[in-house]
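Just below is one structure, and these are the notes that go with it.
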Amino acid sequence: MDVFRMTGHVCGHITWKMSVMAKNLLLEEFPLAEKELERNVNYWILDTDVCNYAGACRFYVGLANEIKIVDSPDFVDYVKDYLSKNLSKL
């Protein structure tokens, strides 16, 4: 199980630079993420493997203005596809 409570085989890796607010909300909803966090002076880094991008995407989309994707090109593609599919439903 990954920090977003998704199960299965590891499918990818995400690295995020997060505000304090995003970090606090992450830990409130996903306490397993605490062991994957590293503090910098003004932000937090989440660096973890995930079993499925769906859980991470759901969290990211809700807080996109508080999270910067650092080095996760496959995750960026997943988010773009997710947003494209769902915005077309409006």
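Some values worked out for this structure:
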item	result
Net charge over other residues, Cβ less than 14 angstrom from the Cβ of Pro31 (K, R count +1; D, E count -1)	-2
Glu38 accessible area, 1.4 Å probe, all protein chains in place, Å² to nearest 10	120 Å²
Estimated FRET transfer efficiency when R0 is 30 angstrom, pair Leu90-Asn24 (beta carbons, to 0.05)	0.50
Semi-axis lengths (Å, descending) of the ellipsoid that matches the C-alpha gyration tensor of the chain	20, 16, 12
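The values are calculated or read from the model by the stated rules, or taken from the named source; none is laboratory data. Please read all numbers here as calculations on a predicted model, not as lab measurements. Cβ sites come from the backbone with ideal geometry, for glycine too, and all protein chains shown count toward neighbours. For the accessible areas, the whole protein counts, side chains as well, though only heavy atoms, and no ligand, DNA or RNA atoms are used. Shrake-Rupley method; radii C 1.70, N 1.55, O 1.52, S 1.80 Å.
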